[in-house]
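Below: the structure, in structure tokens.
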Amino acid sequence: MGSTTTVLRELRGAQKTAKGVSLYSRHVNRPVGRLFAAGAHRMGMTPNQVTSISALFTFAAIASVALLRPSWGLAVMVYAGLAIGFALDSADGQLARLTGRGGPDGEWLDHVVDCAKLILVHGAVLISFRRFFDLPSEGWLLLPLGFLFAAVLTFCAGLLREQLGRAAAAGTAPDGGGPARASRLRAAALLPADYGVFCLVFLLLGDEAAFRVGYAALGVVHALFLVVFLGKWFRELRAIRNPG
């Protein structure tokens with residue numbers, strides 16, 4: 001087994017494309033995940049084991065939101081748990097590509113954990129709103145439900161776009177155009193929709209009003225992105241069906 005430096009070099013060469021990835025994931029989450037993947041490789045861990053540890057950090061942080069009264073200490077703890085869980089979520093895929101030990105079971109497990117965290121994190125906010133927050137009106141309880149709808153629909157529609165596009169492209173000849181270059185402007189525009197940026201809002205948990213405003217603002221942005229993404233993905237799939 002090579003040194004950590006050698007493993008990191010190999011991991012950098014086994015990265016997924018940066019196209020469609022926000023600046024946070026490209027310059028923060030993936031590099032941190034690379035460090036975790038290198039450590040996991042040195043320890044002889046499997047990608048599925050890394051996924052399981054990612055789930056432990058994520059779900060422990062989410063449970064804290066639902067069970068504990070908001071405070072600045074809780075804010076730091078929740079953010080740390082979510083951010084570490086997200087970095088480990090990147091590490092499992094990097095480790096799988098490095099070792100060649102990935103497979104449909106690992107991809108399935110990864111998607112199940114991702115879907116579960118999207119459902120649970122907004123459910124935990126709803127519970128916290130109901131148990132601990134002095135809300136201006138009960139209408140605020142609808143906010144986590146709306147955010148949940150936008151987040152899960154975006155996640156599921158994006159997976160379907162990827163799978164259906166891959167199936168339609170199977171067996172077709174390459175167009176010879178080479179890999180598309182990742183746009184830095186697009187990567188910056190995608191920041192508000194990045195899960196890592198969403199995690200940052202939990203640093204506001206020590207101030208009820210600030211958290212409500214920040215959470216609501218991100219909820220509106222995610223709803224707008226959902227509309228844009230659905231239109232974009234539909235057009236792309238229709239173009240595959242009717243080329244030219």
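The values are calculated or read from the model by the stated rules, or taken from the named source; none is laboratory data. Since the structure is predicted, the reported quantities are computational estimates derived from the model, not experimental observations. When we count neighbours, we look across all protein chains shown, and the Cβ atoms used for this are built from the backbone with ideal geometry, even at glycine. Please note that ligands, DNA and RNA were not included when accessible areas were found on the heavy atoms of the full protein model with its side chains. Shrake-Rupley method; radii C 1.70, N 1.55, O 1.52, S 1.80 Å.
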- Message: When you check residue 148 against the structure, is it more than 24 Å from residue 31 (Cβ to Cβ), of a type in the set (A, V, I, L, M, F, W, C), within 19 Å of the chain's Cα centre (by Cα) and surrounded by 19 or more Cβ atoms within 10 Å (Cβ to Cβ), yes or no?
- Response: yes
- Task: Could you please let me know if residue 103 is at pLDDT 95 or above and of a type outside the set (Ser, Thr, Tyr)?
- Result: no
- Hey, could you check segment 117-133 for residues that are of a type outside the set (A, V, I, L, M, F, W, C) and within 19 Å of the chain's Cα centre (by Cα) and say which is farthest from residue 82 (Cα to Cα)? 123
- What are the residue pairs meeting all of these: first residue in segment 115-142, first residue closer than 20 Å to residue 155 by Cβ, second residue open to solvent by less than 40 Å² (accessible area, probe 1.4 Å) and not hydrophobic (A, V, I, L, M, F, W, C), Cβ atoms under 6 Å, and 6 or more apart or on different chains? 117/58; 122/144; 125/144; 126/144
- Query: Under 7 Å by Cβ, and 6 or more places apart or on different chains, what pairs join a residue from segment 19-44 that is within 23 Å of residue 162 (Cβ to Cβ) with one that is modelled with pLDDT of 85 or more and β-branched (Val, Ile, Thr)?
  - Reply: 24/197
- Selection from segment 33-52 of residues that are assigned to a helix (DSSP H, G or I), open to solvent by less than 60 Å² (accessible area, probe 1.4 Å) and aliphatic (A, V, I, L, M): 37, 38, 40, 50
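Could you list, in sequence order, the residues of segment 125-144 that are aliphatic (A, V, I, L, M) and within 16 Å of residue 195 (Cα to Cα)? It would help to see each step written out before you state the result.
Residues of segment 125-144 that are aliphatic (A, V, I, L, M), as a first pass: 125-127, 135, 141-143.
The answer is 125, and nothing else.
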- Picked from segment 62-116 (must be among the aromatic types (Phe, Trp, Tyr), open to solvent by 30 Å² or more (accessible area, probe 1.4 Å) and within 26 Å of residue 127 (Cα to Cα)), the residue nearest to the chain's Cα centre (by Cα) is 79
- Task: Answer yes or no: is there a residue in segment 219-231 that is under 26 Å from residue 132 (Cα atoms), assigned to a helix (DSSP H, G or I), open to solvent by less than 40 Å² (accessible area, probe 1.4 Å) and in contact (Cβ under 8 Å) with a residue 60 or more places away in the chain.
- Result: yes
- Extreme residue, modelled with the lowest pLDDT, among residues of segment 69-100 that are assigned to a loop (DSSP other than H, G, I, E, B) and not polar (S, T, N, Q): 100
- Message: If I go through segment 233-244 residue by residue, how many of them are open to solvent by 60 Å² or more (accessible area, probe 1.4 Å), free of Cβ contacts under 8 Å to residues at least 60 places away in the same chain and not in a loop (DSSP other than H, G, I, E, B)?
- Response: 3
